[in-house]
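Student: I'd like to ask you about the structure that follows.
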Amino acid sequence: MEPDVITQYAHEHIPITKHMGIRALSVDEVQISLLAPYAPNINHRETIFGGSISSLGILTGWALLWAKLQAAEIPNRLVIQSSSTDFIKPATDAIVACCQCDRDRWHTFYTTLKRHGKARITLNVETHCAEILVATHIGQYVAIRT
């Protein structure tokens, strides 16, 4: 799947992503990277707003699963069940969030979804600003086959 397809889908179906200027940079079978620009996400301290960092973390894990489920042609509803973000350093420029899902974890999630119609998976996201780690996110996602 092309990054532009993910960006377009997110902008059409998750309006905050368009307001935040989020776009997919890259995606493959095991990982995804999303970017959030500085200007629409600035706070009163001239750093990226923590809510933007947290939202980007949630969306990055969600987008990786969405792309993989689309490729697998499994109709589903995909949601975040729980979420935790640790803020490590302030971000003073655009941020990039990256998420990976190894083949074994994906296979377990995929098999459970196919067999039981519902599956959960926990994904980790790292967010960087100019190569500096600024936040980590852990999200548990749930897919329900429709």
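The values are calculated or read from the model by the stated rules, or taken from the named source; none is laboratory data. Since this is a predicted model, take the numbers as computed values, not measurements. Heads up, the Cβs are rebuilt from the backbone with ideal geometry, glycines too, and the neighbour counts pull from every protein chain shown.
Student: Has the stretch 43-57 got any residue that is part of a strand (DSSP E or B), of a type in the set (Gly, Ala, Ser), crowded, with 21+ Cβ neighbours inside 10 Å and touching a residue at least 24 places away in the same chain (Cβ under 8 Å)?
Tutor: no
Student: Continuing with this model, one more query. Applying the selection to the stretch 17-27, what residues are out of contact with any Pro (no Cβ under 8 Å at 6 or more places or on another chain) and within 14 Å of TRP62 (Cα to Cα)?
Tutor: If the condition is that a residue be out of contact with any Pro (no Cβ under 8 Å at 6 or more places or on another chain) and within 14 Å of TRP62 (Cα to Cα), then THR17, ILE22 are the ones that fit.
Student: For LEU113, work out the one condition from (1) more than 16 Å from ILE6 (Cα to Cα); (2) assigned to a helix (DSSP H, G or I); (3) among the hydrophobic types (A, V, I, L, M, F, W, C); (4) within 15 Å of the chain's Cα centre (by Cα) it doesn't fulfil.
Tutor: The one condition LEU113 does not meet is (4).
Student: Here's something else I'd like to know. Could you check how many residues of the stretch 1-13 are in contact with a helix residue (DSSP H, G or I) (Cβ under 9 Å, 6 or more places away or on another chain), without any contact (Cβ under 8 Å) to a residue 60 or more places away in the chain and buried (at least 16 other Cβ atoms within 10 Å of the Cβ)?
Tutor: Adding up the residues that qualify gives 4.
Student: Do we have ILE74 as at pLDDT below 95 and farther than 18 Å from THR17 by Cα here?
Tutor: yes
Student: Within the stretch 104-132, count every residue that is loosely packed, with under 12 Cβ neighbours inside 10 Å and either within 19 Å of ALA36 (Cα to Cα) or in contact with an Asp or Glu (Cβ under 8 Å, 6 or more places away or on another chain) (or both).
Tutor: Counting residues in the stretch 104-132 that are loosely packed, with under 12 Cβ neighbours inside 10 Å and either within 19 Å of ALA36 (Cα to Cα) or in contact with an Asp or Glu (Cβ under 8 Å, 6 or more places away or on another chain) (or both) gives 2.
Student: Scan the stretch 28-42 residue by residue and report those that are touching a helix residue (DSSP H, G or I) at 6+ places or on another chain (Cβ under 9 Å), part of a loop (DSSP other than H, G, I, E, B) and surrounded by 13 or more Cβ atoms within 10 Å (Cβ to Cβ).
Tutor: VAL30, PRO37
Student: A further question follows. Within the stretch 82-110, which residues are outside any strand (DSSP E or B), under 17 Å from the mean Cα position of the chain (by Cα) and of a type in the set (Phe, Trp, Tyr)?
Tutor: TRP106, PHE109
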